[in-house]
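*Asks:* Quick one: the structure is below, and I'll ask about it shortly.
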Amino acid sequence: MTISAQLLQRADLIGTQVITRDTGRKLGVINQVWVDIDQRQVVALGVRNTLFTGEQRYILLDSIRQIGDVILVEHDDDVTEALNTYNYSTLIDSEIVTETGEVLGRVRGFKFDPETGDITDLILASIGLPWIPAQLISTYELPIEEIVSTGPDRIIVFEGAETRLRQLTVGLLERVGLGAPPWESDEDEYYQPITPSSNQLPSGTRSPVYPPQRSRSDYEADWETAPRRRRQPEYVEYEEEEYEYEERPRSRQVKPPAQAMPIELPESEPTADPWEEPQPIRLEQRQKQEEYDHE
């Protein structure tokens with residue numbers, strides 16, 4: 001493989017055309033670089049028809065014959081679709097944290113040896129998006145030897161690795177005083193805010209002390225743990241007052257006599273003697289008619 005010994009950055013390969021050596025056919029452009037983070041090596045390059053469109057294909061680093069203005073491969077078969085990228089990573093936008101939990105930034109790119117694929121340095125910034133120009137944000141370089149362990153989206157480095165960073169570019173925001181490295185901007189959160197003079201108390205005046213606020217659960221706990229005391233009845237002595245009673249004669253009410261109701265008597269005297277015994281009533285017997293007439 002005819003490749004210069006100069007180290008390459010990931011950004012140098014993105015957008016580079018891939019051409020076959022035997023036919024001169026254009027196979028696409030490089031859109032991604034895949035890394036085996038456990039081995040700290042570049043293993044393959046992603047290829048598409050354009051930078052953002054087309055079917056995703058891959059070129060193994062061993063299949064590349066030359067890297068320059070273009071990338072040369074021997075045959076069309078060197079570009080394959082059968083590559084499992086599950087165990088590989090792009091490292092882009094991965095968070096870099098020290099062993100003590102201090103955030104140093106996010107991975108923006110990396111440098112590697114094109115002949116062996118070994119990664120030598122990580123390029124980090126406060127924002128891990130490669131399409132943001134380096135003139136706007138400050139970028140730093142971290143040696144790969146500082147890595148302690150790696151995860152899917154996080155890289156842990158040794159404590160104090162921020163002192164061994166090498167600054168590559170100074171961003172526009174840092175030049176005007178609006179930006180700072182992540183490990184320095186986090187320290188500003190621990191500064192105690194200054195109280196305005198309008199809210200300060202004059203000398204010799206005690207600050208009011210308020211009882212701590214208690215929640216409903218605190219009152220319920222106190223009610224359950226407090227000893228129960230039976231409430232003793234309270235006896236109240238009342239003074240006896242003397243009342244004078246005056247007896248008054250009761251007036252007897254006399255009911256008016258009941259009015260006699262008039263009785264209406266019949267005009268004619270009854271023909272029958274009321275003292276005679278009643279005679280039985282005779283009913284006329286009807287002759288039973290035969291149901292059928294016989295001739």
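*Asks:* Any residue in region 71-89 that's on the phi < 0 side of the Ramachandran plot and touching a residue at least 60 places away in the same chain (Cβ under 8 Å): show its pairings with residues that are crowded, with 18+ Cβ neighbours inside 10 Å and not in a strand (DSSP E or B) at Cβ separation under 7 Å, as long as the two are six or more apart or on different chains.
*Replies:* Listed by first residue and then by second, the contacts come to S89/I37.
*Asks:* Right, next: Name the residues in region 1-31 that are open to solvent by less than 40 Å² (accessible area, probe 1.4 Å) and in a strand (DSSP E or B), would you?
*Replies:* Of everything in region 1-31, those that are open to solvent by less than 40 Å² (accessible area, probe 1.4 Å) and in a strand (DSSP E or B) turn out to be L8, V18, I19, T20, L27, G28, V29, I30, N31.
*Asks:* Related question: Just need a number here: residues in region 121-159 that are open to solvent by 40 Å² or more (accessible area, probe 1.4 Å) and β-branched (V, I, T).
*Replies:* Selection size over region 121-159: 4.
*Asks:* Just to be sure, is G54 modelled with pLDDT of 90 or more, more than 24 Å from L168 (Cα to Cα) and open to solvent by less than 50 Å² (accessible area, probe 1.4 Å)? So that I can check it myself, show each step before the final result.
*Replies:* Numbers: modelled with pLDDT of 90 or more: no; more than 24 Å from L168 (Cα to Cα): yes; open to solvent by less than 50 Å² (accessible area, probe 1.4 Å): yes.
Answer is no for this residue.
*Asks:* Identify all residues within region 123-135 that are under 33 Å from the mean Cα position of the chain (by Cα) and either in contact (Cβ under 8 Å) with a residue 24 or more places away in the chain or assigned to a strand (DSSP E or B) (or both); write none if there are none.
*Replies:* Selection gives I123, L124, A125, S126, G128, L129, P130.
*Asks:* Taking region 81-115 as the region of interest, how many residues are among the β-branched types (V, I, T) and assigned to a loop (DSSP other than H, G, I, E, B)?
*Replies:* Within region 81-115, the first condition is being among the β-branched types (V, I, T), and the residues that meet it are 85, 90, 92, 96-98, 100, 103, 107.
With the extra rule that they be assigned to a loop (DSSP other than H, G, I, E, B), the set shrinks to 85, 90, 92, 100.
Here the count works out to 4.
The values are calculated or read from the model by the stated rules, or taken from the named source; none is laboratory data. All values derive from a computational prediction rather than experimental measurement. Counting neighbours? That spans all protein chains shown, and the Cβs are built from the backbone with ideal geometry, glycine included. When the accessible area is computed, the model is the full protein with side chains, heavy atoms only, and any ligands, DNA or RNA have been set aside. Shrake-Rupley method; radii C 1.70, N 1.55, O 1.52, S 1.80 Å.
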